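To keep things clear, I will list the structure first and then write my remarks on it.
The values are calculated or read from the model by the stated rules, or taken from the named source; none is laboratory data. Note that the coordinates shown come from a computational prediction; the quantities given were computed from them, not determined experimentally. We place every Cβ from the backbone using ideal geometry, glycine too, and count neighbours over all the protein chains shown. Each accessible area value is taken on the protein alone, full model and side chains, heavy atoms only, with ligands, DNA and RNA left out. Shrake-Rupley method; radii C 1.70, N 1.55, O 1.52, S 1.80 Å.
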Amino acid sequence: MKALAVFTSSREVRLIDQPDPVIGGPTEVKLRILEAGICGTDREIASFQYGMPPVNSPHLVIGHEALGEVVDVGSDVTGLAPSDLAVLMVRRPCPHDRCVPCRTGRPDFCNTGDFTERGIKGAHGFMTEFVVDDQRYLVKVPKELREVAVLLEPLTVAEKAGEQIRILVQRLPGHLRVDPSNLRAVVLGAGPIGLLGAMKLVGANFETYVYYRGKADSPNVSIVSAIGARFISSVEHPPEDLAKMLGEISLVYEATGVVKISFDVLSVLGVNGVYIFTGVPGVKAPIEMDAERIMRNLVLKNQVLCGTVNAGRESFEEGVRDLGSFMQRFPAAVRALITARMTLDGARDAVLAKGGIKSVITVA
Ligand code: BGC
Ligand code: ZN
């Protein structure tokens, strides 16, 4: 079968031929990959800035956002049968007994750093024709969601952020009495992670703003309006203006990976505010920021700064429910997130190119 591989030492990205994977244990499931999404992480891996092949492999098959159709199941598999649709989780636990998160099904909080991530770190990914994995890493998806279910993995970034926010707001007295529609949330960036985050926040009834450097007539901004969020141009309005325009900002969901603007917005976060980072910037020279003001605010305004990576099973399941409700509420906006589809033969060019919101490889 074909697979898109990145060769780290010879610095090549190309389609390879490899044997089909086979079911090796009673709880394993074989999937035919239907679609695989391309994201910034894939582009970084394909430009050799990130990613790690499995031990003893010269290459890494990339792809970590995938929808598959079950074609075969091991004898002890429950809850999945041939022709079911499923998405795959990304992270796999480290081997150490001492790592409580990995031992309790939350490798997204792995303590040791020895986790693997399919298509990213130490394990092959999903930009290929067939994949075998243990049932515990597969999440069933209703057939009605087939055309957009490839968006689930990126949606889980927002879902895990939502989980973290629910935990963090519990520190506030009377938090159960707070009506989110009286709270302002700002999303930084209008790429797939930002727009899916905005959908989640709108779904949770926050007054949601998307702060974005693109133009008002861009397809990204059309999605912002279509879901009932509001666009604020970061080109026209510096972060300073945000608090003046909006009043207290209770929540910021960062989805740009751009350090300067992210910290500038942190400096205008409101009282008792929560700020969630999801971006993974490259390591560059130190930059200047208003550190005194930021630290002073963090303390005097009881603010929380929280980074979040990857997601646990519950976030995938909540994602399935949310994607269903987004499709009820604003189906055209969800569909519009996928701006290009190409076959596996075009995958290399698509990963090396940029542009559009989300490009998706249609495998089968
Ligand atoms: C993936 C995450 C992963 C992260 C860091 C993201 O693109 O969606 O699952 O943990 O990259 O490797
Ligand atoms: Zn990704």
So what are the chain's ellipsoid semi-axes, whole angstrom, largest first, if each one is the square root of 5 times an eigenvalue of the alpha-carbon gyration tensor? 34, 22, 21
Could you pull out every residue, at least 5 positions away or on a different chain, whose amide H is within less than 5 Å of the one on LYS121? Hs are placed 1.01 Å off N in the peptide plane, and Pro or chain starts have none. MET52
Can you pull the one-decimal nm distance between simple spin-label points at THR78 and THR104, each 7 Å off the Cα toward Cβ? 2.3
What is the ratio of the Cα radius of gyration of the range 98-253 to 2.2 N^0.38 Å, where N is its residue count, to two decimals? 1.24
Hey, can you grab everything whose amide H is under 5 Å from the amide H of LYS358? Only 5+ residues off in sequence or another chain; H modelled, so Pro and N-termini drop out. THR339, ALA340
Alpha-carbon Rg with Dmax, taken over the range 297-363, Å: 17.8, 55
For the range 95-109, Karplus-derived ³J(HN,Hα) couplings (6.51, -1.76, 1.60; θ = phi - 60°; whole Hz; x for glycine and proline) come out as x, 8, 4, 6, 8, 4, x, 5, 6, 10, x, 10, x, 5, 10
Would you calculate a helix-derived [θ] at 222 nm for the chain, using -39,500 (n - 2.57) for each DSSP H run of n ≥ 4 and dividing by the full residue count, to the nearest 500? -8000 deg cm²/dmol
Run down the lysines and flag those whose C-alpha is under 17 Å from the C-alpha of LYS2, throwing out any fewer than 8 positions away in its chain. LYS30
Could you give the length gained on full extension between ASP241 and MET342, defined as 0.36 nm per residue of separation minus the Cα-Cα distance, in nm? 32.3 nm
Distant-in-sequence amide H partners of ASN272 (H built 1.01 Å from N, under 5 Å): ASN302, GLN303
Check cross-link reach from LYS354 to the aspartates and glutamates: straight Cα distance under 13 Å, and skip same-chain residues fewer than eight apart. ASP42, GLU44
What dipole magnitude, in Debye to the nearest 20, does the chain give about its Cα centre under +1 on Lys/Arg Cβ and -1 on Asp/Glu Cβ? 520
Report, for the chain, the % of DSSP beta bridges that are antiparallel, rounded to 5. 55
Relative contact order for the chain, counting Cα pairs under 8 Å that sit 6 or more residues apart, in percent: 18
Can you run phi through the Karplus equation (6.51, -1.76, 1.60; θ = phi - 60°) for the range 284-291 and list ³J(HN,Hα) in whole Hz, with x for Gly and Pro? 10, 5, x, 10, 8, 8, 7, 5
Cα-based Debye curve of the range 176-304 sampled at q = 0.12, 0.13, 0.20 Å⁻¹ gives log₁₀ I(q)/I(0) of -0.42, -0.50, -1.18
Expressed as a whole percent, how much of the Cα-Cα distance distribution for the range 148-188 exceeds 16 Å? 51
Roughly how big is the range 235-364's charge dipole about its Cα centre, with Cβ charges of +1 (Lys, Arg) and -1 (Asp, Glu), in debye to the nearest 20? 320
Cα-only radius of gyration and Dmax that characterise the range 30-133, units Å: 14.5, 41
Mind listing the phi-derived Karplus ³J(HN,Hα) values for the range 72-86, rounded to whole Hz, using 6.51, -1.76 and 1.60 with θ = phi - 60°, and x for any glycine or proline? 7, 9, x, 5, 9, 6, 10, x, 9, 9, x, 6, 5, 9, 8
Give, in nm to one decimal, the length gained when the segment between ARG321 and VAL55 is fully stretched (0.36 nm per residue of separation minus the Cα-Cα distance). 92.1 nm
Please state the charge dipole magnitude for the range 12-109, taken about the Cα centre, from unit charges on C-beta atoms (+1 on K and R, -1 on D and E), reported in debye and rounded to the nearest 20. 400
0 to 90° range, to nearest 10: angle between helix 192-203 axis and the chain longest Cα axis: 60
How big, in percent, is the set of alpha carbon pairs in the range 237-364 lying more than 24 Å apart? 51
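Computing the accessible area with a 1.4 Å probe over protein heavy atoms, can you report the carbon and sulfur percentage for the chain?
The nonpolar share, carbon plus sulfur, comes to 54 percent.
Using only alpha-carbon positions, what ratio does the radius of gyration of the range 238-313 give when scaled by 2.2 N^0.38 Å? Please report the intermediate quantities before stating the final value.
On the way: Rg = 12.7 Å, N = 76, 2.2 N^0.38 = 11.4 Å.
Scaled against compact globular proteins, the figure is 1.12.
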How far is it, in nm, from the label point at VAL283 to the one at GLN328 when both lie 7 Å from their Cα along the line to the Cβ? 4.7
DSSP-defined beta bridges in the range 66-190 - what % are antiparallel, rounded to 5: 80
Förster-model FRET efficiency, 45 Å R0, ALA291 and SER10, C-beta, rounded to 0.05: 0.60
Which of ILE38, MET127, LEU242 sits farthest toward the positive end of the charge dipole of the chain, with +1 on the Cβ of Lys and Arg and -1 on the Cβ of Asp and Glu? LEU242
